[in-house]
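All remarks here apply to the structure that follows.
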Amino acid sequence: MSSKPHMSLDELRDQVAACHACPLADGRTQTVFGDGNPNARVLIVGEAPGKNEDLQGVPFVGKAGQNLNKLLEIAGLKREDVFIANVLKCRPPGNRDPRPEEIQLCTPFLREQTRAINPEFIVTLGNFATKFILKTEVGITRLHGTLQTAGRFKVFPIYHPAAAIYDRSKQVALEEDFETLGRLLRQAAPSGEGDA
């Protein structure tokens, strides 16, 4: 456990809202801090807000978010059980991929969120979140559905739910991976909480 006192999620949310460290701040409607249970066992990390998220200020509210909600059910979870955040807190123009300098400037917020929530599992959705959290160049195609570790956290990489919108074959992998996640959560549950 780090001896440095960490910030509360509310303090952090205010810092994110005030951030103008990179040009993405100029194009945003609002920041997308993250949403969910501040004491979640599972932190879900996506890539960056899209158009709907930018407008509503909440992660995963578009088509990918609807898919994520169904996938969470497969794992025996609801949105209010988990905390959902993104690597970037502002929408890249035209939903382009995050740039390395944007990731570098924005990820201290994600690190602080992770410290404040202190989840047991971090589920990374897609390449950017997976490569950042695991500090690897290995892509999501090889890593998805395999339990990894980063420090004291169990990390479970999964395809981004948006991938299935463009490639239906990924939906099967997504469903299988969320089923595995549910099983891992039950196995890791403190006695009396799980059925494993």
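The values are calculated or read from the model by the stated rules, or taken from the named source; none is laboratory data. Quick caveat: nothing in here was measured; it's all calculated off a predicted structure. Glycine also receives a Cβ, built like all others from the backbone with ideal geometry; neighbour counts cover every protein chain displayed. The accessibility values were calculated without ligands, DNA or RNA, using every heavy atom of the protein model including side chains. Shrake-Rupley method; radii C 1.70, N 1.55, O 1.52, S 1.80 Å.
For region 115-169, which positions are farther than 18 Å from Leu68 by Cβ and among the charged types (D, E, K, R)?
Arg115, Glu120, Lys131, Lys135, Glu137, Arg142, Arg152, Lys154
Can you confirm whether Pro119 is in a loop (DSSP other than H, G, I, E, B), of a type outside the set (A, V, I, L, M, F, W, C) and either in contact with a Cys (Cβ under 8 Å, 6 or more places away or on another chain) or under 23 Å from Ala188 (Cβ atoms) (or both)?
Details: in a loop (DSSP other than H, G, I, E, B): yes; of a type outside the set (A, V, I, L, M, F, W, C): yes; either in contact with a Cys (Cβ under 8 Å, 6 or more places away or on another chain) or under 23 Å from Ala188 (Cβ atoms) (or both): yes.
In short, yes.
Could you tell me which of the residues Val32, Val58 is free of Cβ contacts under 8 Å to residues at least 40 places away in the same chain and of a type in the set (A, V, I, L, M, F, W, C)?
Working: Val32 fails: free of Cβ contacts under 8 Å to residues at least 40 places away in the same chain.
The unique qualifying residue is Val58.
Which of the numbered conditions does Gln15 fail, given that it passes all the others? Conditions: (1) part of a loop (DSSP other than H, G, I, E, B); (2) polar (S, T, N, Q); (3) open to solvent by 60 Å² or more (accessible area, probe 1.4 Å).
Unmet condition: (1).
Looking for something open to solvent by 20 Å² or more (accessible area, probe 1.4 Å) and touching a Leu at 6+ places or on another chain (Cβ under 6 Å) - is there at least one such residue anywhere in region 113-129?
Narrowing region 113-129 to residues open to solvent by 20 Å² or more (accessible area, probe 1.4 Å): 115-116, 118, 120, 127-128.
Among the residues that remain, those that are also touching a Leu at 6+ places or on another chain (Cβ under 6 Å) are: 116.
The answer is yes, given that some residue of region 113-129 is open to solvent by 20 Å² or more (accessible area, probe 1.4 Å) and touching a Leu at 6+ places or on another chain (Cβ under 6 Å).
When the residues of region 122-174 are filtered to those that are free of Cβ contacts under 8 Å to residues at least 24 places away in the same chain, in a loop (DSSP other than H, G, I, E, B) and closer than 19 Å to Asp97 by Cα, which remaining residue is farthest from the chain's Cα centre (by Cα)?
Asp167
Restricting the search to region 63-91, which residues are in contact with a helix residue (DSSP H, G or I) (Cβ under 6 Å, 6 or more places away or on another chain) and open to solvent by less than 10 Å² (accessible area, probe 1.4 Å)?
Answer for region 63-91, where residues must be in contact with a helix residue (DSSP H, G or I) (Cβ under 6 Å, 6 or more places away or on another chain) and open to solvent by less than 10 Å² (accessible area, probe 1.4 Å): Leu71, Ala75, Phe83, Ala85, Val87, Leu88, Lys89.
Looking only at region 95-112, count how many residues are outside any helix (DSSP H, G or I), open to solvent by 30 Å² or more (accessible area, probe 1.4 Å) and not basic (Lys, Arg).
1
So Asp177 clears everything in (1) in contact with a strand residue (DSSP E or B) (Cβ under 6 Å, 6 or more places away or on another chain); (2) assigned to a helix (DSSP H, G or I); (3) in contact (Cβ under 8 Å) with a residue 40 or more places away in the chain except one condition, right? Which one?
Condition not satisfied by Asp177: (3).
Within region 101-121, which residues are of a type in the set (Val, Ile, Thr) and touching a Pro at 6+ places or on another chain (Cβ under 8 Å)? Spell out how you get there, then give the answer.
Narrowing region 101-121 to residues of a type in the set (Val, Ile, Thr): 103, 107, 114, 117.
Result: Ile117, single match.
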